[in-house]
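Encoded as structure tokens, the structure appears first; notes follow it.
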2 protein chains.
Amino acid sequence: MIIEKLAIVGTGLIGGSFALALKQAGVVGEVLGIGRNASSLAQAQTLGLIDRAADWAAAGQADCILLAIPVGDTEAVLTQLLPHLKPGAVITDAGSTKRNVIAAARAGLKARFGDFVPGHPIAGSEQSGPLAARADLFQAKKVVLTPEPDTHASALAMVQALWGATGAQVEILDAVLHDRIFAAVSHLPHLAAFALVDELACRADSDAFFRFAASGFRDFTRIAGSNPEMWRDIAVANREALLIELDAYLTALQALRQSVAVDDADALLEMFSRARAARENWMKTQDV
Amino acid sequence: MIIEKLAIVGTGLIGGSFALALKQAGVVGEVLGIGRNASSLAQAQTLGLIDRAADWAAAGQADCILLAIPVGDTEAVLTQLLPHLKPGAVITDAGSTKRNVIAAARAGLKARFGDFVPGHPIAGSEQSGPLAARADLFQAKKVVLTPEPDTHASALAMVQALWGATGAQVEILDAVLHDRIFAAVSHLPHLAAFALVDELACRADSDAFFRFAASGFRDFTRIAGSNPEMWRDIAVANREALLIELDAYLTALQALRQSVAVDDADALLEMFSRARAARENWMKTQDV
């Protein structure tokens with residue numbers, strides 16, 4: 001047992017899977033759930049993700065409170081929670097961007113900010129909601145924590161221990177570096193996929209094109225099936241890092257365009273070969 | 001039985017699967033194989049993809065000859081074959097670009113060009129070689145034929161019947177339109193994936209980025225694992241159409257960059273939503 005009482009704000013895929021994994025690992029006692037959607041909360045209870053629904057006053061008495069909510073809601077939720085927080089309660093989150101969550105947590109938690117541990121589990125799925133929750137969602141997946149200089153070491157240790165119990169590998173990163181890395185390996189690819197599909201979809205004769213799209217197109221654009229609201233929030237929250245990545249990608253595509261335009265077959269072969277080799281090396285390190 | 005004798009030039013994934021499907025359907029008698037690689041040819045025979053290896057003189061006596069080779073080799077292969085072609089022999093191909101193949105076939109086949117049926121099966125895999133061949137590779141997949149005004153109707157009918165017997169859906173397109181469509185739905189995504197991986201790989205600190213890439217990145221970049229030589233040839237062969245698509249994509253990405261730069265959350269949400277809806281509609285039409 002690591003903690004007696006866990007509260008989950010947002011009992012969907014991520015929050016529900018976290019609760020389920022910790023219950024199965026036997027490291028938490030009671031799990032409370034908070035959510036705006038009453039039927040989703042009832043479903044989470046029926047599925048055994050949480051033991052009971054709770055209000056802010058009850059959630060504030062938990063030893064650890066996970067926010068698994070849209071990052072844009074962080075400040076409002078923490079402002080609600082603050083008056084009820086028991087001494088020593090630790091708060092953590094699961095948002096895809098970290099600098100804006102840290103700013104929201106500072107604003108929402110004020111003097112209690114030291115008890116907040118910013119986190120980002122690198123696991124997910126196009127599915128969402130309590131029904132999608134799985135005890136093994138985080139097994140062998142990375143979870144990035146981005147503590148600030150004033151984050152309490154004890155709070156960080158608790159959150160590390162909890163994620164460890166889910167089977168995840170915990171990594172510590174600076175929040176700025178986190179946002180820069182995920183702008184490159186996650187946010188940019190999502191935006192590039194959305195843009196490619198949209199560019200085709202907006203053509204008057206788009207059906208003629210989609211009709212012949214096949215499995216390569218399906219995989220390249222899978223992430224364009226992701227939640228538009230969530231990705232709008234991420235793009236806005238991580239604007240600076242994302243602009244740097246967009247510019248780097250635009251420059252790379254311009255160079256590629258130039259190679260095509262001047263029939264520089266050698267440059268094309270070199271670039272494609274480098275890319276394939278880099279991807280093969282990367283795949284060897286992956287269990288995805 | 002549609003034809004007595006089939007010859008396959010290039011007995012890898014595509015050529016081998018075509019032969020296997022037609023043998024299983026019972027629509028061909030003997031299958032001859034030609035290839036530069038003796039061990040690959042022997043393997044194709046051991047696997048039952050072909051009945052025996054043949055030379056150009058023997059292949060020229062086949063009723064139908066499929067070229068399943070890099071598109072850049074088309075003219076040289078047809079020049080070899082021409083002196084041996086029996087009257088009425090039909091030749092077809094499986095290349096990803098069609099305008100350049102048609103030009104190569106005109107140059108290589110001269111007065112016999114009317115017996116050539118340009119074709120492109122929309123099926124494939126990152127795998128290649130005889131071992132990857134499967135009798136059901138083309139089942140329910142599209143095969144595009146792009147006959148020219150001087151293609152013999154009888155030749156087209158034979159090739160249509162053969163592809164039909166593999167389980168594929170045959171579609172007829174103008175070669176220019178074919179190249180334009182595939183520039184958009186296949187060639188551009190491949191180049192965009194290669195460019196994204198290469199841009200990351202060329203950074204001094206690329207390991208820090210690849211380390212956190214996950215399943216979204218894996219799927220977006222799957223096609224960057226494709227054969228570099230084949231994609232160099234495609235990019236060169238389809239330059240004009242590809243430049244149009246690259247420019248359209250660059251324009252779309254620039255507009256997206258602008259929305260991010262000015263924090264236009266509404267424009268981002270609108271674009272992401274349109275893209276997701278278009279992809280969902282497309283997926284409903286797909287069996288991929």
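Numbers for the structure displayed
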| read-out | value |
| --- | --- |
| Cut-off 14 Å (backbone N to label point 7 Å along Cα→Cβ of B:SER128), residues of the range B:217-252 | B:224-235 |
| Candidate lysines for bridging to B:LYS284, where Cα separation is under 17 Å - those fewer than 8 sequence places away on the same chain excluded | B:LYS141, B:LYS142 |
| Helix-only CD estimate at 222 nm, as mean residue ellipticity for chain A, using -39500 (n - 2.57) per DSSP H run (n ≥ 4) | -15000 deg cm²/dmol |
| Volume in Å³ per residue [convex hull over Cα atoms, computed for chain B] | 150 Å³ |
| Fraction in percent of alpha-carbon pairs per bin - 10 Å, the protein assembly as shown | 3, 16, 23, 20, 15, 11, 7, 3, 1, 0 |
| Estimated dipole of chain A in Debye, rounded to 20 [Cβ of Lys and Arg +1, of Asp and Glu -1, Cα centre] | 500 debye |
| Qualifying trypsin sites (Lys or Arg not before Pro) for the range B:15-72 [loop in DSSP, other Cβ within 10 Å: at most 15] | B:ARG36 |
| For the range A:98-182, projected area of the alpha-carbon convex hull averaged over all directions, nm² | 6.1 nm² |
| Net charge over other residues, Cβ less than 12 angstrom from the Cβ of A:ALA184 (K, R count +1; D, E count -1) | -2 |
| Residues of type lysines that A:LYS110 reaches as a straight line, Cα spacing below 19 Å, ignoring anything fewer than 8 places off in the same chain | A:LYS86, A:LYS98 |
| Residue with peak Gaussian network fluctuation, chain B [Cα springs, cutoff 10 Å], from B:ALA153, B:ALA135, B:ALA54 | B:ALA153 |
| Cα radius of gyration and Dmax for the range A:177-284 (Å) | 15.8, 43 |
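Readers should treat all values here as calculations from the given coordinates under stated rules, not as data from a laboratory. Treat the numbers as computed from the prediction; the structure is a model and nothing was measured. Note: ideal-geometry Cβ built from the backbone for every residue, glycine included; neighbour counts use all protein chains shown.
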